[in-house]
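J.: Quick one: this structure, given as structure tokens, is what I'll be asking you about.
Every number in this text was worked out from the coordinates using simple rules, so none of it is lab data. Computed from a predicted structure; not experimentally measured. Counting neighbours? That spans all protein chains shown, and the Cβs are built from the backbone with ideal geometry, glycine included.
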Amino acid sequence: MDYKFLKSGTDIRGYASDLGGKAIELTDQAVYDIASAFVSFVQDRVGIPANELKISLGHDSRITADRICRQVKKALKKSGVTLFDCGLASTPAMFMTTVDLNCNAAIQITASHHPFDRNGLKFFLPTGGLEGSDISEILELASRGEEVICETEGEIIEKDYMTLYAENLRNKIIKSVDKGNEPLKGYHIIVDAGNGVGGFYATEVLEKLGADISGSQFLEPDGMFPNHIPNPENKEAMESICSAVKNTCADLGIIFDTDVDRAGCVDKNGREINRNRLIALASYIALDGKKGGTIVTDSVTSDGLKTYIEEVLGGNHYRYRRGYKNVIDKAVELCSEGTESPLAIETSGHAALKENYFLDDGAYLMTKIVIELAKGTDFEKILEPLKMPVEEKELRYNITTPDFKEYGLKVIGELLKYANEESGYTVAPDNREGIRVSTENGWFLLRLSVHDPVMPLNLESDVVGGVEKDFEKLSAFLSKFEFLSL
């Protein structure tokens, strides 16, 4: 069986239930083969026999989690691995088992914010999440039926790691705020977990530190996600937490995605702190005492954010490629070269702080924000200098020829020539993905998707009607490409 089609960037994902009308891709056999291949991969990377390995396993709230976990346990037990079964857990917590439990590797069963009928596997080593090339290697091993078989079966140990993980977050707040064991007493903070696994943050972190969490919503795990998509980028989800903050007069609202590697928040006025505003606030926190530090973001951040980071905060802004692993890897690279980079953050909400192993952890970022709240930081005042676009729009062009990568690069190349010649256009000096062009109204970015025959187009404008004006002009140019269509 060829499992390469299950690769999704640095994860493995596929349809795991037929309740949505799709054929199951993550079959029992597929999961078993992939888990077996992962043992072989880890054994090779760590350099010790499988029967000496300690690997942790966790899962989010999806309806197929139990079935998939059974196959992972079966494979690891047969390989002789000592398995720590952490049960319902967040993705960042599973990485932290390599720190706190000295695990040689970790597996999380999750498909992030994707629909209920999908699921997947995410892997960690003590050095962090795997690269795309590692996933390709594991799937190649799985396709060949690579399996480690030990004469003595491995042991499965149930481990309530989330209790320790929550305690660590509580201790960080207590130490940072320095107001006793209930530093959040008098604060009203609500959480929207979207029926994923983030409900623990309300009950096990905030409430135990004295916070009033009344008005929190969708804390109970439910893999059908009946209330809204658990995704801070989803408009309905953000409207829901914004309304909840207003209705309860809360001091802060927090929203997580399914597996808590992403988060967004809402200030006391019901205004969302998300995307560029979240990056700005995270940058304010990360650059405290680190003037001149470099904040790495993805390519679609606003011009106003760059000005805020560099002119207001005194940092440097490094605009890089989309994909949370891309921005994290770039920040790690900069640090290794001697450039201080305390934060890597993608517009989608993946935020990784150097002080926290460059782990994209939504709960950790929210903990840093809660600490600021408890210290009396006025978020509205902090974010006031951030200039936000008046209009923004994203479209996706489909490439209808098999050689989509070559064709997409051709489109970008010709657009670059056109932009350099066209009056009112200025090509950005820091193009690191596709082509970004400043216009008289704002800017646009056209890039090529890494895996799909798609060219996303992002436009922002500082004036009303500017996006439509820029799109009309750009659309006229793009219309000459016969294999490009909306």
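J.: Would you please put 267-274, 360-367 in order of how densely packed they are, using the mean number of other Cβ atoms within 10 angstrom per residue and starting with the highest?
T.: Averaged packing, sorted descending, gives the order 360-367, 267-274.
J.: For each pair in LYS22/LYS330; LYS54/LYS122; LYS175/LYS208, compute the distance between the two Cα atoms and list the pairs where it is over 25 Å.
T.: As for pairs spanning more than 25 Å Cα to Cα, those are LYS22/LYS330.
J.: Can I ask one more? With labels modelled as points extended 7 Å from the Cα through the Cβ direction, what inter-label distance (nm, one decimal) is found for GLU239 paired with ASP100?
T.: Rounded to a tenth, the inter-label distance reads 3.8 nm.
J.: Starting from 0.36 nm per residue, how many nanometres of slack lie between ALA428 and LYS291 once their C-alpha separation is accounted for?
T.: Residue separation times 0.36 nm, minus the Cα-Cα distance, leaves 46.9 nm.
J.: For THR339 and LEU395 in one chain, what is 0.36 nm times their gap in residues minus the Cα-Cα distance, to one decimal in nm? Please report the intermediate quantities before stating the final value.
T.: Numbers: separation 56, 0.36 × 56 = 20.16 nm, distance 3.50 nm.
Contour length minus the Cα-Cα distance gives 16.7 nm.
J.: Convert each backbone phi in the range 165-175 into a coupling constant with the Karplus relation 6.51 cos²θ - 1.76 cosθ + 1.60 (shift: θ = phi - 60°), then list the ³J(HN,Hα) values in order as whole Hz, x for Gly and Pro.
T.: For the range 165-175, the Karplus curve yields 4, 5, 4, 4, 5, 4, 5, 5, 5, 4, 5 Hz.
J.: Taking a ≥ b ≥ c as the square roots of the Cα gyration tensor eigenvalues, with a/c under 1.5 meaning rounded and otherwise prolate when a/b beats b/c, else oblate, which class fits the range 1-134?
T.: prolate
J.: Compute the relative contact order of the chain as a whole-number percentage, counting only Cα pairs closer than 8 Å that sit 6 or more residues apart in sequence. Walk me through the intermediate numbers first.
T.: Numbers: 1063 pairs, mean separation 53.0, N = 486.
Relative CO of the chain lands at 11 percent.
J.: Can you compute 3J(HN,Hα) from phi for each residue in the range 381-391, using the Karplus curve 6.51 cos²θ - 1.76 cosθ + 1.60 with θ = phi - 60°, rounded to whole Hz and x for Gly and Pro?
T.: 5, 4, 8, 4, x, 6, 7, 9, x, 6, 9
J.: Per DSSP H run of n ≥ 4, the term is -39500 (n - 2.57); total these for the chain, divide by its residue number, and report the mean residue ellipticity at 222 nm rounded to 500 deg cm²/dmol. If you can, show how the numbers build up before the last one.
T.: Details: 13 runs with 164 residues, N = 486.
Theoretical 222 nm ellipticity from helices: -10500 deg cm²/dmol.
J.: What list of ³J(HN,Hα) values in whole Hz, one per residue of the range 203-215 in order, does the Karplus curve 6.51 cos²θ - 1.76 cosθ + 1.60 (θ = phi - 60°) give from phi, with Gly and Pro shown as x?
T.: Coupling constants for the range 203-215: 7, 9, 10, 5, 5, 5, 9, x, 6, 7, 10, 4, x Hz.
J.: For a quick protection proxy, order the peptides 148-158, 111-121, 280-290 by their average other-Cβ count within 10 Å, most packed first.
T.: 111-121, 280-290, 148-158
J.: Residues with amide H under 5 Å of ASP192's amide H, sequence separation 5 or more or different chain, H placed in the peptide plane at 1.01 Å from N; which?
T.: GLN217, ILE254, ILE255, PHE256
J.: Which of (i) 36, 31, 21; (ii) 43, 26, 19; (iii) 55, 33, 18 is the computed semi-axes √(5λ) of the Cα gyration tensor in Å for the structure on display?
T.: Looking at semi-axes √(5λ) of the Cα gyration tensor in Å for this model, the match is (i).
J.: Follow-up question, since we're still on this one. How would you rank 57-64, 389-396, 320-327, highest first, on the average number of other Cβ atoms within 10 Å across their residues?
T.: 57-64, 320-327, 389-396
J.: Can you pull out the trypsin sites (Lys or Arg not before Pro) in the range 403-461 that DSSP calls coil and that have at most 15 other Cβ atoms within 10 Å?
T.: Answer in residue order: ARG432.
J.: If amide H atoms are built 1.01 Å from N in the plane of the peptide, which residues on other chains or at least 5 residues away come under 5 Å of the amide H of ILE157?
T.: For ILE157, whose amide H was placed from the backbone, the distant partners under 5 Å are LEU83, PHE84, ASP85.
J.: Just report the Cα centroid separation between the range 336-360 and the range 414-479, whole Å.
T.: Here the two parts' Cα centres lie 28 Å apart.
J.: Using 0.36 nm per residue, how much length does the chain from SER214 to ILE157 gain when fully extended, once their Cα-Cα distance is taken away?
T.: Numbers: separation 57, 0.36 × 57 = 20.52 nm, distance 3.54 nm.
Full extension from SER214 to ILE157 adds 17.0 nm.
J.: So how far, in whole Å, is the C-alpha centre of the range 15-36 from the one of the range 142-166?
T.: 19 Å
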